[in-house]
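The values are calculated or read from the model by the stated rules, or taken from the named source; none is laboratory data. Note that this is a predicted model, so its numbers are computed, not measured. Because the Cβ atoms are built from the backbone with ideal geometry, glycine has one as well, and the counts that use them run over all protein chains shown.
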Amino acid sequence: MDGAYHFPIRVGPYTTPQECEQHLPEVVNQALDEYVAMYLGERARGHIRLPHAFIEERLIRERWYENRPFLVTNSEHANMTVLHVLLSFDSATNEYLKSLWRSVLSMYRVGILMAGFAGVLWLFAVLWAYLKLDQLSAGRYRGRLRAAAVIALLVPPGLLALFFGLGGRLAALIASGA
């Protein structure tokens, strides 16, 4: 139509328009994930969130309610409301999505660099502590100190990797300002 990609979504059926409005952000985020995966690649899915004000001002072009009877039970019909929304992704929105994705990637890279630096610093700290304690004990507890050093080298970084590695959406939330 106007050089933009139009993405129709529907919310409902619910009993009231207010319920449709309550569930709208969730459905818009699912549609945004689909569009981002299509536009920027599958790797970007779920990593970009847009502020609610941006969605209301720039993405939602049209919205309308449809009231019609739905089958609730085998013999009972009830009037339900469905909210139809037309999302429009224009070139300015696409550039904004690209910039958010670049921010997410750069934050990820900075995080990797910081983790590497922290790992090297941790290695030197454990090595220094091992050597200092070995010197103070005159080598009497060398075997125990080596075991403690190995545990100190492996356990904390492993726990941090599990903690931060599984929560990779943090960078996306920070970058989008949501």
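State whether one or more residues within region 79-99 are more than 30 Å from Glu56 (Cα to Cα), surrounded by 14 or more Cβ atoms within 10 Å (Cβ to Cβ) and of a type outside the set (Gly, Ala, Ser). No: zero hits.
Starting from region 87-99, keep only residues that are more than 19 Å from Val27 (Cα to Cα), then list their pairs with residues that are at pLDDT below 90 and among the small types (Gly, Ala, Ser) whose Cβ atoms are within a distance under 8 Å, requiring at least 6 positions of separation or different chains. Final answer for the pair search is Asp90/Gly3; Asp90/Ala4; Ser91/Gly3; Ser91/Ala4.
Here's the yes/no breakdown for (1) surrounded by 15 or more Cβ atoms within 10 Å (Cβ to Cβ); (2) more than 17 Å from the chain's Cα centre (by Cα):
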{"residue": "Gln18", "(1), (2)": "no, yes"}
{"residue": "Tyr35", "(1), (2)": "yes, no"}
{"residue": "Ala44", "(1), (2)": "yes, no"}
{"residue": "His52", "(1), (2)": "no, no"}
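When you scan region 54-71, do you find a residue that is within 18 Å of Tyr39 (Cα to Cα), touching a Phe, Trp or Tyr at 6+ places or on another chain (Cβ under 9 Å) and assigned by TED's automatic domain parsing to the domain that holds Glu34, even just one? Looking through region 54-71, at least one residue is within 18 Å of Tyr39 (Cα to Cα), touching a Phe, Trp or Tyr at 6+ places or on another chain (Cβ under 9 Å) and assigned by TED's automatic domain parsing to the domain that holds Glu34.
The residues of region 43-65 that are touching a residue at least 40 places away in the same chain (Cβ under 8 Å) and in a strand (DSSP E or B), listed by number, are Arg61, Tyr65. Any chance region 111-124 includes a residue that's under 30 Å from Tyr35 (Cβ atoms) and not assigned by TED's automatic domain parsing to the domain that holds Glu56? Within region 111-124 (the criterion being under 30 Å from Tyr35 (Cβ atoms) and not assigned by TED's automatic domain parsing to the domain that holds Glu56), the answer is yes, since at least one residue qualifies. The numbered conditions (1) β-branched (Val, Ile, Thr); (2) surrounded by 13 or more Cβ atoms within 10 Å (Cβ to Cβ); (3) assigned to a helix (DSSP H, G or I) are all true for Val110 except (2).
Residues in region 21-30: is at least one surrounded by 16 or more Cβ atoms within 10 Å (Cβ to Cβ) and not in a helix (DSSP H, G or I)? No; the residues of region 21-30 include none that is surrounded by 16 or more Cβ atoms within 10 Å (Cβ to Cβ) and not in a helix (DSSP H, G or I).
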